[in-house]
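Colleague: If you scroll down you'll find the structure; I have some questions about it.
Throughout, read-outs are computed from the coordinates displayed, never taken from laboratory work. Bear in mind that the values here come from a model prediction, so they are computed numbers and not experimental data. Note that we place each Cβ from the backbone using ideal geometry, even for glycine, and neighbour counts take in every protein chain shown.
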Amino acid sequence: MKSIMSASGLAGLSRRSFFRHAATASGGVLLGSALPSKASADDAESPCGSHGICDFPLPIPHINTPPPGGAHIYFPGPVNGGPTPFDPCTGAPVDPSGVHLEGRDPSLIFNFKGFIGQADLCLSGTGTDLTTGAHAPYQFHTDMRFMHGVFVGTDLVERKGSFVFV
Amino acid sequence: MGPHSWDAGVAPTNVVWVAQVPEGSAHVDLDDGSASLHLENLCVYDAFTVANSLLGLNRPVNLVKGIINSLRMEWRGALSMDTANQSANKMRGKFVENTATIEVTATTPRTEPTALSNGHGFRFVSDPASTSFSNFAQIGEERNGAFF
């Protein structure tokens, strides 16, 4: 969730405008993903005991363009890869990277089976300085998603999980 | 108060801005075209700007702790349905485009001052969900990768 305007005139870059303006070029390397065989250990503890290292999901292969460091994500948009509506709070299409002939995968995680929800929203509210108590109206832009189902992580073990993209 | 950009950080596996949440946080009724997401006290980062969040080792300003105190999202009102079978993405599924609303409270506790923050701490309380504007929303059931 990214602030795009405050009463003070200080504006953060929205997620979309950052991608639009990022000029970093990429080698465009998409490493082939070897499909893991699906082990069956739904509730298995990770043997290394380090949550988030050995059992975390893998990203989808797609890397957005331009990729600031390589972001494995599609902007919001129809799964058929078609054009997206204009976003009035950022002044750009919801997907500024254009159409995708290969389609869009709304999930952030790979080797995943389950339900997803995705929303690109503008919202307003009040920001408060917790030291001075000063208030100001704020506008935010957000691309929020959830993924709920099963996934195969780095350890090739299949697990249930619910995730949010914030 | 300056800019704020809350996100879940980048995982060691390069999954971007994704956090695990308790099961039961999300509910989906694909036939009805509706879904909900309810969260409380989700620990995130405030990177202040998207650029600062994604610059990794080149990040000029350290991330600070952030909290999504409460989040309520609702998806409803099916506009269209679509199916996907994408060999390039190794993904297939069925999807419903609809509209969504959001109501959220998020906090960045007091911190040391940085180039992007006075360190005073910040809280954002959104206006009621009905005032949020949905640019694009969809729900779906999909399988990708090993499940394709």
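Colleague: Using the Karplus curve 6.51 cos²θ - 1.76 cosθ + 1.60 with θ = phi - 60°, work out ³J(HN,Hα) for each residue of the stretch A:57-63 in order, rounded to whole Hz, and write x for Gly and Pro.
Modeller: Computed from phi, the couplings for the stretch A:57-63 are x, 9, x, 4, x, 4, 10 Hz.
Colleague: In terms of modelled amide H atoms, which long-range or inter-chain residues lie less than 5 Å from the amide H of A:Ile60?
Modeller: Those lying under 5 Å, H to H, from A:Ile60 are A:Ile109, A:Phe110.
Colleague: Among the lysines, which fall within straight-line cross-link reach of A:Lys2, defined as a Cα-Cα distance under 19 Å, with same-chain neighbours fewer than 8 residues apart omitted?
Modeller: Output for A:Lys2: B:Lys65.
Colleague: Around B:Arg59, which amide H atoms from residues at least 5 apart in sequence, or from another chain, sit under 5 Å from its own amide H, with H modelled in the peptide plane?
Modeller: none
Colleague: Could you work out the mean projected area of the convex hull around the alpha carbons of the stretch A:66-166, in square nanometres to one decimal?
Modeller: Answer in nm², one decimal: 9.2.
Colleague: Then there is this: Taking the Cα centre of chain B as origin and charging only Cβ (+1 Lys, Arg; -1 Asp, Glu), how large is the dipole, in debye to the nearest 20?
Modeller: 500 debye
Colleague: For the stretch A:123-162 and the stretch B:69-84, what is the centre-to-centre distance using only Cα atoms, to the nearest Å?
Modeller: 16 Å
Colleague: Which of rounded, prolate, oblate describes the stretch B:54-111, given a ≥ b ≥ c as roots of the alpha-carbon gyration tensor eigenvalues and a/c under 1.5 marking rounded, otherwise prolate only if a/b is larger than b/c?
Modeller: oblate
Colleague: If you average the sequence gap of Cα pairs under 8 Å that are 6 or more apart and divide by the length of the stretch B:29-126, what percent do you get for the contact order?
Modeller: The normalised contact order for the stretch B:29-126 reaches 27 percent.
Colleague: Could you give me the ³J(HN,Hα) list for the stretch A:139-152, computed from phi with Karplus coefficients 6.51, -1.76, 1.60 and θ = phi - 60°, whole Hz, x at Gly and Pro?
Modeller: With coefficients 6.51, -1.76 and 1.60, one gets 10, 10, 10, 8, 10, 10, 8, 10, 9, 10, x, 10, 9, 10 Hz.
Colleague: Identify all lysines with a Cα-Cα distance to A:Lys160 below 25 Å; exclude those on the same chain that are fewer than 8 residues away in sequence.
Modeller: Result set, ordered by chain and number: A:Lys38, A:Lys113, B:Lys90, B:Lys94.
Colleague: Moving to a separate point now. If you plug each phi of the stretch A:156-164 into the Karplus form 6.51 cos²θ - 1.76 cosθ + 1.60 with θ = phi - 60°, what whole-Hz ³J(HN,Hα) values come out, in order, with x for Gly and Pro?
Modeller: 6, 9, 7, 9, 7, x, 10, 9, 10
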